[in-house]
2 protein chains.
Amino acid sequence: MADDNRDRPLIAEGPVVILVEPQLGENIGMVARAMANFGLAELRLVNPRDGWPSDKARAAASRADHVIERTTVHATTEDAIADLGFVYATTARARDGFKPVRAPVEAARVLRTRFRAGQRTGILFGREKFGLSNEEVSLADEIVTFPVNPAFSSLNIAQAVLLMSYEWMKSGLASEAQTAFCGPQMEPAQKQTLHSFLDHLEDALAARGYFRPAEKRPKMVSNLRSVLTRPAFTDAEIKLLRGVISSLERYSPTEPRGAGAPAQRTRGAKSENDDG
Amino acid sequence: MADDNRDRPLIAEGPVVILVEPQLGENIGMVARAMANFGLAELRLVNPRDGWPSDKARAAASRADHVIERTTVHATTEDAIADLGFVYATTARARDGFKPVRAPVEAARVLRTRFRAGQRTGILFGREKFGLSNEEVSLADEIVTFPVNPAFSSLNIAQAVLLMSYEWMKSGLASEAQTAFCGPQMEPAQKQTLHSFLDHLEDALAARGYFRPAEKRPKMVSNLRSVLTRPAFTDAEIKLLRGVISSLERYSPTEPRGAGAPAQRTRGAKSENDDG
């Protein structure tokens, strides 16, 4: 979604993606785009129906030119995998034979391990209509299949390539929880900061007759403290809340402390709307 | 890829997917298809540019009619999430504010935990061109972002929905390694089965003068055993290999044991080509 990619590292490595007899140029382009999003770069086509190069593919690739320009065409699947050492076949249905069947997350880890050992690997994807033939599956070392809805399995090749590319990228992260950017450090403030804020709030409420009847005050304070302790507010959040309480205090009908309402309201809203 | 889905359970539950001001009907349809593949069913649209219902959306949904027919249209994002208790915003770029940022796999686990507790949840996806506004992000509880290629981040909304739907489905599996079907049990055969095969092979080779000079036989046998021990062959595989050796033995030039070569060759190839 973000487009400002200047000066950022372009990841372009990893397994070869092989499309066997793809029909639509748009699908090939969407495959290239999916690959580029997750750092894959080498695309091979076995007998693309509408030939190669393809204007439709390039348009659908959405600037993944580094993938489109390196794409090669092969007469047979054997030829397309000839220089590879380890190959996955993607398939939606069980096949007889001697192939281990892996989930995408496992397959990606296998590919990552082999990549780090310097091995050349690939992933075979079948035709739009009926996938890979049994003979093509038999050329692969292992099978990978996606955990789809049993009554609605209708992944197209660009979607299947997207999922494998995504798992490939994830397999290279230090942690599956790693993100490109982080939220603020959500470290809870020290309790003395929280309690100082709660004291402030309690005083402000007491001054306005919130604690009625008086004998219920301890229970009401206790509830207030529970509600405002559970969120584990950070220093920044408590600072914001202190500002809210201070602002509200100013406009007590009997004892107004502030002045110039419109300017104050604008400043009060700022902390929420200025998010970069 | 497989289409024979009769009598299989249709999964249709989980978080609501909310598209904010989607432009193209095709994208809405691809979103519905992505959701259906991974068991999500409830789609809401905030101000779709080209109106609703949409023939283009239905065509692109590829039979995900149960999603298309339930899709609702809302005037504002607030309205679209009014009945939900916990909401993610998807975004490709960092935002200021007080939101935790999660990777998809983590976010899906949070959603699954809340789903199991009976809570209603949702995921906000932004416009094709510029995603969600800061105000829209501020409506969400947490942020989810995808681990894309730093220099090529160009996920469209259908791809983003596909990835979150896939992680949602995965979060419900007993194990991330679970697959809809399994390969054969790849349990290695007992060593006595392997060694009996190796003895057979050694005898067949000895009868044909393979071990020359004779004093090298122990080293040659040792190498042969090493090569054929490493694959950890299963019972079924050793049975197949025994058949191969027996078949080759028959056609020794000096002592042919078999007859009717073409019929035998067809049978010999059968075990590879008959995969269902």
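The table that follows gives values for the structure above.
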read-out	value
Shielding score for A:186-198, defined as the mean number of other chain Cβ atoms within 10 Å	0
Cα-derived Rg to Rh of the protein assembly as shown, Kirkwood definition	1.12
Nm distances between copies for A:SER246, ranked from closest, using label points 7 Å along Cα→Cβ	9.1
Percent RCO, i.e. relative contact order, over chain B, from Cα pairs under 8 Å lying at least 6 residues apart	17 percent
Averaged over A:95-105, number of beta-carbon atoms from partner chains that fall within 10 Å	6
Residue order, fewest to most beta carbons within 10 Å, for B:SER165, B:SER226	B:SER226, B:SER165
Positive minus negative residues near B:GLU142 (Lys, Arg vs Asp, Glu; Cβ under 10 Å)	0
The stretch A:16-171: antiparallel DSSP beta bridges as a percent of all, rounded to 5	10 percent
Hull-based mean projected area of the stretch A:16-171, where the convex hull spans the alpha carbons, in square nanometres	8.5 nm²
Residue among B:GLU106, B:GLU202, B:GLU13 with the largest mean-square fluctuation in a Gaussian network model of chain B, springs linking Cα atoms under 10 Å	B:GLU202
Between 0 and 90°, nearest 10: helix A:104-116 axis offset from chain A longest Cα axis	70 degrees
Rotational relation B to A, axis-closest Cβ in chain B, residue and distance rounded to whole Å	B:LEU162, 3
Share antiparallel - DSSP beta bridges, the protein assembly as shown, percent rounded to 5	10 percent
Percentage, to the nearest whole number, of Cα pairs in the stretch A:89-195 over 17 Å apart	63 percent
Mean Cα-pair separation over length for the stretch B:16-171, i.e. relative contact order, pairs under 8 Å, 6 or more apart, %	31 percent
Normalised alpha carbon radius of gyration of chain B [divisor 2.2 N^0.38 Å]	1.59
Relative contact order, percent, the stretch A:1-88 [alpha-carbon distance under 8 Å, six or more residues apart]	31 percent
Degrees separating the helix A:261-273 axis from the principal Cα axis of chain A, which is the longest one	30 degrees
Beta bridges per DSSP with both ends in chain A, % antiparallel, nearest 5	15 percent
Teacher prompt: A:TRP52 distances to equivalent labels in other copies, 7 Å Cα→Cβ, nm	4.0
Averaged over A:141-148, number of beta-carbon atoms from partner chains that fall within 10 Å	6
In degrees, nearest ten, helix B:25-37 long axis to first principal axis of chain B (Cα)	50 degrees
Calculated label separations, B:MET220, copies of the chain, 7 Å along the beta-carbon direction, nm	10.0
The stretch B:1-103 shape via C-alpha gyration tensor axes, a/c threshold 1.5	prolate
Kirkwood estimate for the stretch B:116-256, i.e. one over the average of 1/r between Cα atoms, Å	21.6 Å
Proximal lysines relative to A:LYS99, as straight alpha-carbon distance under 25 Å, when same-chain residues fewer than 8 apart are discounted	A:LYS129, A:LYS170, B:LYS170, B:LYS191, B:LYS239, B:LYS270
Helix-only mean residue ellipticity at 222 nm for the protein assembly as shown, each DSSP H run of n ≥ 4 adding -39500 (n - 2.57), per residue, nearest 500	-13000 deg cm²/dmol
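Bear in mind these aren't lab numbers, they're just calculated from the coordinates by the rules spelled out. Bear in mind that the values here come from a model prediction, so they are computed numbers and not experimental data. Positions of Cβ are backbone-derived with ideal geometry, glycine not excepted, and every protein chain shown enters the neighbour counts.
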